[in-house]
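What follows is calculated from the coordinates using simple rules that are stated; it is not laboratory data. These figures come from a predicted structure and were not determined experimentally. Because the Cβ atoms are built from the backbone with ideal geometry, glycine has one as well, and the counts that use them run over all protein chains shown.
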Amino acid sequence: MPSLVGRSLLTLLDYTAEEITAIIDLADRVKRERAEGVRPRRFEGRTIALIFEKRSTRTRCAFETAFGEEGGHPVFLAPGDIHLGEKESVEDTARVLGRMFDCIEFRGYRQSTVEALARFSGVPVYNGLTDSYHPTQVLADLMTVRERFGSLRGRTVAYVGDGRNNVATSLMIGCAKLGVNFTVGAPAELEPDPRLTAQLKEIAGTDGAVITSTTDAKSAVRGADAVYTDVWYSMGEEAKAAERTALLRPYQVDETLMAATGNEKSIFLHCLPAVKGNEVVASVIDGPRSAAWDQAENRKHTIKAVMLATLGLS
Ligand code: CP
Ligand code: NVA
């Protein structure tokens, strides 16, 4: 396994295909251990600061349980609990937390905040979601696709909906790096950042993977192994709810769109939380093709793998 000791995870852009694969391999191992009843205490005597400016169910619980069940001490810091960005600069907060904790998780608005935490704390910092990226999510997504199909290279993931949000962006990066074909189905206003798309097309091309986008949901999903969607407006975008709902209605994942894959083995993915009746209908996310619940569980195994690898405990 390539050494990841001391590394932060701010965006998957900073990681090579080999490093991403090594984390997913380790996640498979910790998942197996757990199923077999093996209970190591690899985080004994360690501490992690969990800073959340935005709400979370999966990310918070994954970090807290993965670290705590192996003897570590997670400290949850909600907005209003600490001075971060209010009375004290991010840099100063980072310097202090770095003296007290072995590692830090941050979920919030600005990517620049998680970057500053990493630069000034001197300990590994994990991006638990910002407006720009959601890298730990995509590790779980790729793990889930590999679990279902046995391989990643040459598979096809279609993402329909808000193509420029944090999840779509990170998914495109992860797929491009691991040789997974990636198609976005989104209205022109919500297509992924063209500069990033151009950069990723080059990365993907070296592996033979194809990155494409279209405004037509049905053509986006044709031939896909996995159809992925996310909420139509992200945390912090609540004012855009009505506008997005009108714009994205044609991109709802229903039985007809799943059938448009032309692939009866295709699965449905969602990072969750889901707004059933908006981006996906209940019969799909709660139905036999949904891998969304495995995906949610795999958040924990992949997050544990990231912490083990970067703390040198694997
Ligand atoms: N998928 C995800 O990040 O979920 P939470 O917002 O519940 O953490
Ligand atoms: N795009 C969503 C993802 C939630 C996990 C958001 O940022 O709200």
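Tabulated data for the structure shown
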read-out	value
GNM flexibility winner over the chain from Ile303, Ile104, Ile51 (Cα, springs under 10 Å)	Ile51
Highest-first arrangement of 304-311, 269-276, where packing means the average Cβ count within 10 Å	304-311, 269-276
Angle between the chain longest axis and helix 166-177 axis [Cα atoms, degrees, rounded to 10]	80 degrees
Ranked list, fewest to most other Cβ atoms within 10 Å of each Cβ, for Ile211, Ile203	Ile203, Ile211
Selection from Met100, Leu311, Val210 lying farthest towards where the dipole of the chain points positive, charges on Cβ	Leu311
Residue among Asp14, Asp92, Asp225 with the largest mean-square fluctuation in a Gaussian network model of the chain, springs linking Cα atoms under 10 Å	Asp14
Calculated [θ] (222 nm, deg cm²/dmol) that DSSP helices of n ≥ 4 give over the chain, each run adding -39,500 (n - 2.57)	-12500 deg cm²/dmol
Proxy reagent accessibility, fewest Cβ within 10 Å first, across Val123, Val210	Val210, Val123
